[in-house]
Amino acid sequence: MRYLRLRQWFGEMHSTAEAIGRVYFEEVPRHARVDAAPAYSGSMATLSAWCEHERVPYCGVPVGTIKKHATGKDKADKTAMVAAMRGPGA
C-alpha cells in the first residue's frame with residue numbers, strides 16, 4: 001500500500017502544483033539496516049516510474065548537499081533541519 005499511496009501523492013502534487021520541472025530526492029549510498037533496503041528500493045522504483053511516465057527529470061542529491069542548502073552547514077543536526085524547513089518565524 002505504501003507505494004500506491006506514494007504514487008497517488010505524486011499525482012496529487014502534479015495536479016495541484018503549477019508545474020513540476022524536476023524532482024530531487026535524498027540519495028542514500030548504503031543502508032545501515034537490512035530491512036531499510038527493500039523499502040528504499042520500492043520507493044525509488046515508484047519515484048522513477050512516475051517521473052519517467054510523466055517525463056519529469058529526477059536526480060538524487062547527497063544528504064550533506066541538502067543540509068548545506070537548507071542550513072548553510074553540511075553536517076546540520078535534525079533540529080536545525082526542522083527549523084530550516086519550517087522557515088523564519090515558525
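The values are calculated or read from the model by the stated rules, or taken from the named source; none is laboratory data. Keep in mind that what you see is a predicted model, and the values were worked out from it rather than measured. With ideal geometry, Cβ positions are generated from the backbone for all residues, glycine too; neighbour counts draw on all protein chains shown.
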Return the residue satisfying two criteria in turn: it lies in region 33-55 and is under 14 Å from the mean Cα position of the chain (by Cα) and not polar (S, T, N, Q), and of such residues it is nearest to Ala19 (Cα to Cα).
Cys51
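Taking the stated definitions as given, is Val61 in contact (Cβ under 8 Å) with a residue 12 or more places away in the chain and outside any helix (DSSP H, G or I)?
Yes: the conditions hold for Val61.
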Of the residues that make up region 39-46, is at least one in contact with a Phe, Trp or Tyr (Cβ under 9 Å, 6 or more places away or on another chain), at pLDDT 90 or above and of a type in the set (Val, Ile, Thr)?
yes
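Each row is one residue, and each column tells you yes or no for (1) in a helix (DSSP H, G or I); (2) surrounded by 13 or more Cβ atoms within 10 Å (Cβ to Cβ).
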{"position": "Arg33", "(1), (2)": "no, no"}
{"position": "Cys51", "(1), (2)": "yes, yes"}
{"position": "His69", "(1), (2)": "yes, no"}
{"position": "Asp74", "(1), (2)": "no, yes"}
